[in-house]
Amino acid sequence: MDTKDTDIKQEPTAPGAEGNDGGFPQNNPAECGICFTLFDDIERRPRTLPCGHTFCTSCLIVLLETKNLTCPSCRVKHRTTTINKIPISYIVEEMVRHQQQMLRQQRQMQRHNKALASLIPSKNANTTEGLLPSNEDTTSSKEPGTPAGATFTTITPTLKNIIEEQKINLECGVADREVIKTLLDQYGTQMGQWTKEHRQQIDGLNNPTKQHKIVLDYLEEEDCRLNVYKKETQDGIEQMKEIIQDLQLVGNGEEALQVINQACHYIDENTDWKKKYQELFPDVKTVTTSKKIRDVTKKALMMVDDEAGATEQTNQLIDFTRPLMDKVQILVGGQAELVNDQIHFEELKQMKPDIRKKVEAGE
């Protein structure tokens, strides 16, 4: 009697052949149990036999050529005759993609660690071994009865190099935030002047316009966001300064690794923070609307005209990577009355610390 392609003919298994015994062990579910190659989405897509075991498409095609498809793992015979009758395991494919993503992240971290520890040869480039003192270096410094690898008190030259590099990176982060804090203060002062100007214009009008009230609400909201971000800026400065002090005061290798991990966290956080700052400020809608309303009101006061005119909002493309006050100048058409002569953010970063402090102080 003919059977369907998916019918299974159960063969007696040899003693001890239950599960995966007697066939091809498949310890890594992301690789084929026959060729031990990782699954992919082209020639080695994972396919699952009716018995539940998964192999790559290439190997199953070879097995089908024998016209006697037997599972290499459990030795169950299947009467499937074409590869298309064996379903693709999408769950395994998703797991492989996730594993490959994790491997890429791990390689990025390994490259980062290699860059930090490049001055000292390590025993294994893919691990942190070599960054830590050897057993001979730490045996004398451990207390009697301390488990191996539990603690160590020696700071290796590699750890010292990493500490110094992390300290420099954090100091650069502090310098970045201090410069940006100065620009935020200037932007806040500029908005204060605009707010004052709006109020003076409102007082000069017999009938305060609805547009002015809307813009004042915009400016108040922008000022609230600015204050929140200024607080985050100051908090970040204090946190990174604390880590710098911790890097200077580490007493043993275990503490050094903990502080280095904290330093890496704050360095990455500072990068995201700078990007967020560039995207948030200034608020295009607030600045452009404020500019339009103030210009219209000035003309209305000069002409003693009852009509302030309609304000049409325009969306302007802006390069968010430019310095804050440069973006403000672009949005208001280069006519903003800035509090101080502005210096580009990148120019401030390139100045020596003592000169930069004098410039920021207005000297």
**OP:** For residues that are within 12 Å of Lys167 (Cα to Cα) and either crowded, with 18+ Cβ neighbours inside 10 Å or of a type in the set (S, T, N, Q) (or both), tally how many sit in segment 237-249.
**Re:** 7
Subject >> For Arg97: the one exception among (1) closer than 28 Å to Gly251 by Cβ; (2) modelled with pLDDT of 80 or more >> reply: (1)
Original post:
Which numbered condition trips up Thr189, out of (1) in a helix (DSSP H, G or I); (2) at pLDDT below 80; (3) over 27 Å from the mean Cα position of the chain (by Cα)?
Top reply: (2)
Original post:
Of these, Glu171, Glu222, Glu178, which one is surrounded by 14 or more Cβ atoms within 10 Å (Cβ to Cβ), more than 19 Å from Asp272 (Cα to Cα) and of a type outside the set (Val, Ile, Thr)?
Top reply: Glu222
Subject >> Any hit, segment 50-64, residues being touching a helix residue (DSSP H, G or I) at 6+ places or on another chain (Cβ under 7 Å), touching a residue at least 40 places away in the same chain (Cβ under 8 Å) and not aromatic (Phe, Trp, Tyr) >> reply: no
Subject >> Subset of segment 277-327 [modelled with pLDDT of 70 or more, of a type in the set (Val, Ile, Thr) and in contact with a helix residue (DSSP H, G or I) (Cβ under 6 Å, 6 or more places away or on another chain)] >> reply: Thr286, Val287, Thr288, Thr289, Ile293, Thr297
Subject >> Residue list for segment 265-304, filter: surrounded by fewer than 18 Cβ atoms within 10 Å (Cβ to Cβ) and under 30 Å from Pro157 (Cα atoms) >> reply: His265, Ile267, Asp268, Glu269, Thr271
**OP:** Taking the residues in segment 208-219 that are in contact (Cβ under 8 Å) with a residue 40 or more places away in the chain and in contact with a Lys or Arg (Cβ under 9 Å, 6 or more places away or on another chain) as candidates, determine which candidate is surrounded by the most Cβ atoms within 10 Å (Cβ to Cβ).
**Re:** Val215
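The values are calculated or read from the model by the stated rules, or taken from the named source; none is laboratory data. Computed from a prediction, not measured in an experiment: that's the story for all the values here. Because the Cβ atoms are built from the backbone with ideal geometry, glycine has one as well, and the counts that use them run over all protein chains shown.
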